[in-house]
Every structure is written in C-alpha cells, then in structure tokens.
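Remarks on the structure that follows.
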Amino acid sequence: MLAASETPRRAAPWPCRPAVGFLHPLEVVKDEDLDPRAKREILAAWASDASAVEDRPTHRWLLGTSAPVPVSEVLAALRRLDAASAS
C-alpha cells in the first residue's frame, strides 16, 4: 500500500509507432523497408495485451491497422521473422 505522500507509478507508454498500412502481420515480415528490429517492435506491439480486442481475447487490433487479426497469426509472423533472422 502506498503512503499518503507517495504517488503511484504509471507504466511507460508502448514505444511503437502505429502500423499504418499493414493489413496482416505477414505484411510486416515481408516489408523490405523495415529492419528486423522495427519489424519485431511492430509485431510485439500487435501481440501485446494492450492491443487486445474487448470481448475477443484471441484477437489483436494494432493502432493504425484496419481490422483486428487473430493473435495466433501475429505470433506466427514473429516465428517467421525469428526463423528468417536465424538463417
């Protein structure tokens, strides 16, 4: 419990930029203008609970995208990115 003189700490805002123009997580993986770090940042934000869709816990809707997608597809894109960077 916080003392009267203490202020609760807020979580830092997610540092990811909106994913404007991406319709699906695999489009992030295939984007030739993004480096692997930027791709991982976007996909991690997309997979985050912060992008969860209310009443649809298996979907994520990232700021800047047109519609929600299943979180399984976001995680598959992350695995694909990991496999590509391991090669």
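Quick rundown of the values:
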| item | result |
| --- | --- |
| Within region 41-63, considering residues that are among the small types (Gly, Ala, Ser) and exposed (fewer than 15 other Cβ atoms within 10 Å of the Cβ), the one modelled with the lowest pLDDT | Ala50 |
| Residues located in region 52-73, provided they are charged (D, E, K, R) and not in a loop (DSSP other than H, G, I, E, B) | Arg56, Arg60, Glu73 |
| Criterion: open to solvent by 30 Å² or more (accessible area, probe 1.4 Å), under 17 Å from Leu23 (Cα atoms) and at pLDDT 90 or above - qualifying residue of Ser66, Ser72 | Ser72 |
| Residue within region 32-51 that is closer than 22 Å to Ala83 by Cβ, in a helix (DSSP H, G or I) and free of Cβ contacts under 8 Å to residues at least 24 places away in the same chain present | yes |
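The values are calculated or read from the model by the stated rules, or taken from the named source; none is laboratory data. Owing to the predicted nature of the structure, the values given are computational and were not obtained by experimental measurement. Reconstructed Cβ throughout: ideal geometry from the backbone, glycine too, with neighbour counts over all protein chains shown. These accessible areas exclude ligands, DNA and RNA; they are computed on the full protein's heavy atoms, side chains included. Shrake-Rupley method; radii C 1.70, N 1.55, O 1.52, S 1.80 Å.
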